[in-house]
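The next block holds one structure in the form of structure tokens; read it before the comments.
The values are calculated or read from the model by the stated rules, or taken from the named source; none is laboratory data. Just so we're clear, the structure is a prediction, and the values are computed from it rather than from any experiment. Cβ: placed from backbone, ideal geometry, glycine included. Neighbour counts: every protein chain shown.
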Amino acid sequence: MLLLGALEQLATIDAEAVRSVSADIAGDLPGSRLITPRIRPRPKAGNDPEAAPPLAEPQGDPPSDAMERRIAVLEARIAEQDVALRRVLTLLVDWAEAGTGPAFFATKG
């Protein structure tokens, strides 16, 4: 295929070029026959409700009280970490804009 494209200086390889190469290869093979692939039409893009698979119903038990408490604890921890991260980023931006870095003091006893 690529050889034909290079020899014929084809900018694009189209269906006719593919058929030509397929026929040439089929002619070289004794006792073989050319198999032509079936081309299926492309599905239409869009929101066809009949094409979408049905949604699965949720399975399993509802969340237990212990699981809900654990999720609440994790969400609270995330909120605390978010506040701390925003504070650190604010300090870094302030230091960068002021042109000074943080003042680290070595304390030894």
Exactly one of ARG87, ARG40 is at pLDDT 70 or above, outside any loop (DSSP other than H, G, I, E, B) and not assigned by TED's automatic domain parsing to the domain that holds MET1, and that one is ARG87
Could you list, in sequence order, the residues of region 2-20 that are touching a helix residue (DSSP H, G or I) at 6+ places or on another chain (Cβ under 8 Å) and in a loop (DSSP other than H, G, I, E, B)?
GLU8, LEU10, ILE13
Please indicate, with yes or no, whether at least one residue in region 15-27 is surrounded by 10 or more Cβ atoms within 10 Å (Cβ to Cβ), over 31 Å from the mean Cα position of the chain (by Cα) and modelled with pLDDT under 75.
yes
